[in-house]
Amino acid sequence: MQRSKVTIMSIHDKKAKGEKVTMLTAYDFYTAAMIDQAEVDMILVGDSVGNVVLGYDSTVPVTMEEMIHHCKAVRRGTQYAFLIGDLPFMSYNISHEEAVRNAGRLIKEAGCDSVKLEGGSEMASVVKVIVDAGIPVCGHIGLTPQTATKLSGFRVQGKDAEGARQLIESAKALDEAGAFAVVLELVPDAIAAEITKNISIPTIGIGAGPDCDGQVLVTNDMLGLYEKFIPKFVKQYVNLAPMIKKAMSDYVQEVKSGDFPGPEHTFHVK
Ligand code: KIV
(Lines give C-alpha, C1' and ligand atoms only; values in the text may rest on other atoms or scores of the structure.)
Protein backbone atom coordinates (compact mmCIF):
# COMPACT_ATOMS: atom_id res chain seq x y z
CA MET A 1 0.00 0.00 0.00
CA GLN A 2 1.23 3.49 -0.82
CA ARG A 3 2.31 5.44 2.25
CA SER A 4 0.79 8.80 2.98
CA LYS A 5 1.80 11.46 5.45
CA VAL A 6 0.63 10.89 9.01
CA THR A 7 -1.95 13.48 10.10
CA ILE A 8 -3.83 14.28 13.30
CA MET A 9 -6.87 12.62 11.69
CA SER A 10 -4.94 9.41 10.97
CA ILE A 11 -3.60 9.36 14.56
CA HIS A 12 -7.11 9.88 15.96
CA ASP A 13 -8.42 7.12 13.65
CA LYS A 14 -5.91 4.75 15.22
CA LYS A 15 -7.32 5.45 18.70
CA ALA A 16 -10.86 4.91 17.38
CA LYS A 17 -9.85 1.57 15.81
CA GLY A 18 -7.75 0.43 18.79
CA GLU A 19 -4.52 0.48 16.71
CA LYS A 20 -1.37 1.49 18.60
CA VAL A 21 0.39 4.78 17.81
CA THR A 22 4.21 4.81 17.72
CA MET A 23 6.54 7.71 18.51
CA LEU A 24 10.33 8.00 18.79
CA THR A 25 12.56 10.99 19.42
CA ALA A 26 15.09 12.33 16.91
CA TYR A 27 17.54 15.22 16.98
CA ASP A 28 19.32 14.98 13.63
CA PHE A 29 18.72 14.36 9.93
CA TYR A 30 19.94 10.80 9.53
CA THR A 31 18.24 9.35 12.62
CA ALA A 32 14.99 11.03 11.55
CA ALA A 33 15.31 9.46 8.08
CA MET A 34 15.79 5.97 9.62
CA ILE A 35 12.81 6.45 11.95
CA ASP A 36 10.71 7.59 9.00
CA GLN A 37 11.76 4.52 6.98
CA ALA A 38 10.76 2.31 9.94
CA GLU A 39 7.22 3.74 9.54
CA VAL A 40 7.02 5.26 13.02
CA ASP A 41 3.90 7.48 13.19
CA MET A 42 5.30 10.49 15.02
CA ILE A 43 8.78 11.92 15.56
CA LEU A 44 9.36 14.06 18.64
CA VAL A 45 12.28 16.45 18.71
CA GLY A 46 12.30 16.26 22.49
CA ASP A 47 14.08 18.69 24.75
CA SER A 48 15.75 15.45 25.89
CA VAL A 49 18.24 16.69 23.25
CA GLY A 50 19.69 18.54 26.26
CA ASN A 51 20.58 15.27 28.03
CA VAL A 52 21.36 12.86 25.25
CA VAL A 53 23.00 15.12 22.63
CA LEU A 54 24.12 18.39 24.21
CA GLY A 55 25.49 16.95 27.47
CA TYR A 56 23.45 19.06 29.90
CA ASP A 57 22.44 17.54 33.25
CA SER A 58 18.75 18.20 32.57
CA THR A 59 16.38 19.63 29.97
CA VAL A 60 16.14 22.96 31.82
CA PRO A 61 18.99 24.81 29.98
CA VAL A 62 17.71 23.97 26.48
CA THR A 63 16.94 27.14 24.47
CA MET A 64 14.57 27.97 21.62
CA GLU A 65 17.56 28.43 19.29
CA GLU A 66 18.83 24.91 20.11
CA MET A 67 15.37 23.43 19.56
CA ILE A 68 14.98 25.22 16.22
CA HIS A 69 18.43 24.06 15.07
CA HIS A 70 17.64 20.39 15.82
CA CYS A 71 14.02 20.54 14.57
CA LYS A 72 15.23 21.89 11.20
CA ALA A 73 17.64 18.96 10.79
CA VAL A 74 14.92 16.44 11.72
CA ARG A 75 12.46 18.13 9.32
CA ARG A 76 14.93 17.57 6.48
CA GLY A 77 15.04 13.83 7.26
CA THR A 78 11.28 13.34 7.71
CA GLN A 79 8.89 12.65 4.87
CA TYR A 80 5.89 10.79 6.31
CA ALA A 81 5.97 10.95 10.12
CA PHE A 82 4.10 13.68 12.01
CA LEU A 83 6.72 16.02 13.48
CA ILE A 84 6.40 17.40 17.02
CA GLY A 85 8.83 20.00 18.39
CA ASP A 86 9.21 20.41 22.17
CA LEU A 87 8.81 23.89 23.60
CA PRO A 88 11.73 24.32 26.01
CA PHE A 89 11.38 25.41 29.64
CA MET A 90 10.34 29.07 30.04
CA SER A 91 9.47 29.49 26.37
CA TYR A 92 5.73 29.16 27.14
CA ASN A 93 5.53 29.75 30.91
CA ILE A 94 5.81 33.55 31.09
CA SER A 95 2.89 34.81 29.02
CA HIS A 96 0.36 33.59 26.48
CA GLU A 97 1.86 35.97 23.94
CA GLU A 98 5.35 34.49 24.29
CA ALA A 99 3.93 30.97 24.21
CA VAL A 100 2.18 31.63 20.89
CA ARG A 101 5.24 33.41 19.45
CA ASN A 102 7.61 30.55 20.36
CA ALA A 103 5.18 27.84 19.21
CA GLY A 104 4.92 29.77 15.94
CA ARG A 105 8.71 29.75 15.55
CA LEU A 106 8.82 25.92 15.77
CA ILE A 107 6.22 25.78 12.99
CA LYS A 108 7.40 28.63 10.71
CA GLU A 109 11.20 28.53 11.16
CA ALA A 110 11.77 24.88 12.00
CA GLY A 111 9.03 23.24 9.93
CA CYS A 112 7.38 21.25 12.75
CA ASP A 113 3.80 20.05 12.32
CA SER A 114 2.98 20.68 15.98
CA VAL A 115 4.46 21.51 19.38
CA LYS A 116 4.55 19.79 22.78
CA LEU A 117 4.55 21.43 26.19
CA GLU A 118 4.64 20.11 29.74
CA GLY A 119 1.93 20.62 32.36
CA GLY A 120 -1.67 19.73 33.14
CA SER A 121 -4.71 21.79 34.24
CA GLU A 122 -2.48 24.79 35.03
CA MET A 123 -1.33 24.87 31.38
CA ALA A 124 -4.76 24.35 29.78
CA SER A 125 -5.18 28.07 28.97
CA VAL A 126 -1.72 28.11 27.29
CA VAL A 127 -2.64 25.06 25.20
CA LYS A 128 -5.88 26.78 24.20
CA VAL A 129 -4.27 30.04 23.00
CA ILE A 130 -1.70 28.12 20.93
CA VAL A 131 -4.39 25.88 19.42
CA ASP A 132 -6.58 28.96 18.76
CA ALA A 133 -3.61 30.44 16.85
CA GLY A 134 -3.81 27.41 14.54
CA ILE A 135 -0.98 25.32 15.99
CA PRO A 136 -1.60 21.71 17.09
CA VAL A 137 -0.41 20.98 20.65
CA CYS A 138 0.57 17.71 22.32
CA GLY A 139 0.32 17.78 26.15
CA HIS A 140 2.68 16.05 28.57
CA ILE A 141 1.71 15.12 32.14
CA GLY A 142 2.92 12.82 34.93
CA LEU A 143 6.65 13.24 35.40
CA THR A 144 7.45 16.54 33.67
CA PRO A 145 11.27 16.73 33.43
CA GLN A 146 11.37 20.56 33.06
CA THR A 147 9.84 20.91 36.54
CA ALA A 148 11.27 17.73 38.11
CA THR A 149 12.80 19.74 40.98
CA LYS A 150 9.31 20.88 42.01
CA LEU A 151 8.22 17.20 41.90
CA SER A 152 11.20 16.23 44.13
CA GLY A 153 12.96 14.32 41.37
CA PHE A 154 12.26 11.68 38.76
CA ARG A 155 9.50 9.72 40.51
CA VAL A 156 6.37 7.88 39.43
CA GLN A 157 3.46 10.35 39.64
CA GLY A 158 -0.16 9.76 40.72
CA LYS A 159 0.63 7.03 43.24
CA ASP A 160 -1.89 8.24 45.84
CA ALA A 161 -5.60 8.96 45.35
CA GLU A 162 -5.15 12.76 45.22
CA GLY A 163 -2.25 12.51 42.73
CA ALA A 164 -4.25 10.14 40.55
CA ARG A 165 -7.29 12.46 40.64
CA GLN A 166 -5.13 15.43 39.59
CA LEU A 167 -3.65 13.49 36.67
CA ILE A 168 -7.09 12.46 35.41
CA GLU A 169 -8.35 16.07 35.76
CA SER A 170 -5.28 17.36 33.92
CA ALA A 171 -5.73 14.93 31.02
CA LYS A 172 -9.38 16.00 30.70
CA ALA A 173 -8.42 19.71 30.87
CA LEU A 174 -5.85 19.26 28.05
CA ASP A 175 -8.41 17.37 25.95
CA GLU A 176 -10.96 20.18 26.48
CA ALA A 177 -8.33 22.85 25.70
CA GLY A 178 -7.87 21.29 22.26
CA ALA A 179 -4.63 19.25 22.60
CA PHE A 180 -4.47 16.55 19.89
CA ALA A 181 -2.61 13.99 22.08
CA VAL A 182 -1.04 13.74 25.50
CA VAL A 183 2.18 12.09 26.68
CA LEU A 184 1.89 10.25 30.01
CA GLU A 185 5.31 9.89 31.62
CA LEU A 186 5.98 7.71 34.70
CA VAL A 187 2.34 7.07 35.53
CA PRO A 188 1.05 3.83 37.15
CA ASP A 189 -0.50 1.51 34.55
CA ALA A 190 -4.01 1.58 36.07
CA ILE A 191 -4.15 5.40 36.09
CA ALA A 192 -2.86 5.54 32.49
CA ALA A 193 -5.57 3.03 31.48
CA GLU A 194 -8.23 5.10 33.27
CA ILE A 195 -7.09 8.30 31.52
CA THR A 196 -6.95 6.54 28.14
CA LYS A 197 -10.56 5.35 28.53
CA ASN A 198 -11.85 8.74 29.62
CA ILE A 199 -10.41 11.22 27.11
CA SER A 200 -11.07 11.62 23.41
CA ILE A 201 -7.43 12.15 22.37
CA PRO A 202 -4.66 9.49 22.15
CA THR A 203 -2.45 8.90 25.19
CA ILE A 204 1.21 8.22 24.39
CA GLY A 205 2.93 6.44 27.27
CA ILE A 206 6.52 6.40 28.46
CA GLY A 207 6.76 4.38 31.65
CA ALA A 208 2.94 4.32 31.75
CA GLY A 209 2.18 0.68 30.95
CA PRO A 210 0.65 -1.11 27.96
CA ASP A 211 -2.87 0.34 27.97
CA CYS A 212 -1.99 3.76 26.51
CA ASP A 213 -3.05 4.41 22.91
CA GLY A 214 0.61 4.57 21.92
CA GLN A 215 4.18 4.47 23.18
CA VAL A 216 7.20 6.77 22.95
CA LEU A 217 10.85 6.11 23.77
CA VAL A 218 13.94 8.27 23.60
CA THR A 219 15.74 6.79 20.58
CA ASN A 220 19.20 7.05 22.16
CA ASP A 221 17.90 4.95 25.11
CA MET A 222 16.31 2.19 22.99
CA LEU A 223 19.42 1.96 20.81
CA GLY A 224 21.78 1.73 23.79
CA LEU A 225 23.54 4.96 22.90
CA TYR A 226 23.02 6.75 26.20
CA GLU A 227 24.99 4.98 28.91
CA LYS A 228 24.67 7.44 31.81
CA PHE A 229 21.34 6.10 33.10
CA ILE A 230 18.92 3.43 31.84
CA PRO A 231 15.42 3.90 33.34
CA LYS A 232 13.33 0.79 34.18
CA PHE A 233 10.78 1.62 31.48
CA VAL A 234 13.35 1.56 28.66
CA LYS A 235 13.69 -1.54 26.51
CA GLN A 236 17.07 -1.58 24.76
CA TYR A 237 16.39 -3.07 21.34
CA VAL A 238 20.11 -2.99 20.56
CA ASN A 239 23.18 -2.00 22.59
CA LEU A 240 25.09 0.18 20.14
CA ALA A 241 27.51 2.07 22.40
CA PRO A 242 29.92 -0.89 22.96
CA MET A 243 29.77 -1.74 19.24
CA ILE A 244 30.60 1.84 18.26
CA LYS A 245 33.46 2.06 20.79
CA LYS A 246 34.87 -1.24 19.49
CA ALA A 247 34.77 0.04 15.88
CA MET A 248 36.55 3.23 16.96
CA SER A 249 39.30 1.43 18.87
CA ASP A 250 39.76 -1.02 15.95
CA TYR A 251 40.28 2.04 13.74
CA VAL A 252 42.88 3.48 16.15
CA GLN A 253 44.75 0.14 16.23
CA GLU A 254 44.71 -0.23 12.42
CA VAL A 255 45.92 3.33 11.80
CA LYS A 256 48.73 2.77 14.31
CA SER A 257 49.69 -0.60 12.82
CA GLY A 258 49.45 0.65 9.21
CA ASP A 259 46.68 -1.85 8.32
CA PHE A 260 44.45 1.10 7.40
CA PRO A 261 44.28 2.47 4.77
CA GLY A 262 44.80 -0.66 2.66
CA PRO A 263 45.31 -0.74 -1.13
CA GLU A 264 41.49 -0.85 -1.63
CA HIS A 265 41.15 2.52 0.12
CA THR A 266 44.09 4.15 -1.69
CA PHE A 267 44.34 6.09 -4.99
CA HIS A 268 47.44 4.81 -6.72
CA VAL A 269 48.51 6.40 -10.02
CA LYS A 270 51.10 4.41 -12.05
O1 KIV B 1 11.93 15.33 25.61
C2 KIV B 1 11.53 14.16 25.39
O3 KIV B 1 12.20 13.33 24.76
C4 KIV B 1 10.21 13.81 25.89
C5 KIV B 1 9.84 12.35 25.86
C6 KIV B 1 10.45 11.66 26.99
C7 KIV B 1 8.37 12.16 25.81
O8 KIV B 1 9.50 14.64 26.35
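The values are calculated or read from the model by the stated rules, or taken from the named source; none is laboratory data. For clarity, every value in this text was computed on a predicted model and none was experimentally measured. Glycine also receives a Cβ, built like all others from the backbone with ideal geometry; neighbour counts cover every protein chain displayed. Side chains included, ligands, DNA and RNA excluded: accessible areas come from the protein's heavy atoms. Shrake-Rupley method; radii C 1.70, N 1.55, O 1.52, S 1.80 Å.
Given the options Leu217, Leu174, name the one that is under 20 Å from Ser121 (Cβ atoms), surrounded by 11 or more Cβ atoms within 10 Å (Cβ to Cβ) and within 15 Å of the ligand (Cβ to nearest atom).
When all the criteria are applied, what remains is Leu174.
Based on this model, can you work out whether Pro202 counts as within 18 Å of the chain's Cα centre (by Cα) and buried (at least 19 other Cβ atoms within 10 Å of the Cβ)?
yes
Confirm whether Asn198 is modelled with pLDDT of 95 or more and either in contact with a Pro (Cβ under 7 Å, 6 or more places away or on another chain) or within 12 Å of the ligand (Cβ to nearest atom) (or both).
No, not satisfied.
Restricting attention to the range 228-239, does a residue exist that is touching a Lys or Arg at 6+ places or on another chain (Cβ under 7 Å) and touching a residue at least 12 places away in the same chain (Cβ under 8 Å)?
Scanning the range 228-239, I find no residue that is touching a Lys or Arg at 6+ places or on another chain (Cβ under 7 Å) and touching a residue at least 12 places away in the same chain (Cβ under 8 Å), so the answer is no.
Name the single residue that is most open to solvent (accessible area, probe 1.4 Å) among those in the range 104-142 being basic (Lys, Arg) and over 20 Å from Val6 (Cβ atoms).
Residue satisfying both the conditions and the ranking: Lys108.
How do the pairs read when you match residues in the range 149-164 that are modelled with pLDDT of 85 or more with residues anywhere that are outside any loop (DSSP other than H, G, I, E, B) and surrounded by 13 or more Cβ atoms within 10 Å (Cβ to Cβ), using Cβ under 6 Å and keeping only pairs 6 or more apart or on different chains?
If the second residue must be outside any loop (DSSP other than H, G, I, E, B) and surrounded by 13 or more Cβ atoms within 10 Å (Cβ to Cβ), the pairs left are Gly158/Ala164; Gly158/Leu167; Gly158/Ile191; Ala164/Ile191.
Sort out which residues of the range 79-100 are closer than 21 Å to Val21 by Cα and either crowded, with 24+ Cβ neighbours inside 10 Å or not hydroxyl-bearing (Ser, Thr, Tyr) (or both), and write them in order of number.
Answer for the range 79-100, where residues must be closer than 21 Å to Val21 by Cα and either crowded, with 24+ Cβ neighbours inside 10 Å or not hydroxyl-bearing (Ser, Thr, Tyr) (or both): Gln79, Ala81, Phe82, Leu83, Ile84, Gly85, Asp86.
Is it fair to say Ile204 is within 10 Å of the ligand (Cβ to nearest atom) and hydrophobic (A, V, I, L, M, F, W, C)?
The answer is yes for Ile204.
Residues checked against (1) open to solvent by 80 Å² or more (accessible area, probe 1.4 Å); (2) within 17 Å of the chain's Cα centre (by Cα); (3) farther than 30 Å from Ala16 by Cβ; (4) hydroxyl-bearing (Ser, Thr, Tyr):
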position	(1), (2), (3), (4)
Asp213	no, yes, no, no
Ile230	yes, yes, yes, no
Ala241	no, no, yes, no
Tyr251	yes, no, yes, yes
Val255	no, no, yes, no
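Tyr237 is checked against (1) over 25 Å from Lys128 (Cα atoms); (2) within 14 Å of the ligand (Cβ to nearest atom); (3) modelled with pLDDT of 95 or more; (4) assigned to a loop (DSSP other than H, G, I, E, B) and fails just one. What number does that condition carry?
Only one criterion in (1) over 25 Å from Lys128 (Cα atoms); (2) within 14 Å of the ligand (Cβ to nearest atom); (3) modelled with pLDDT of 95 or more; (4) assigned to a loop (DSSP other than H, G, I, E, B) is unmet by Tyr237, namely (2).
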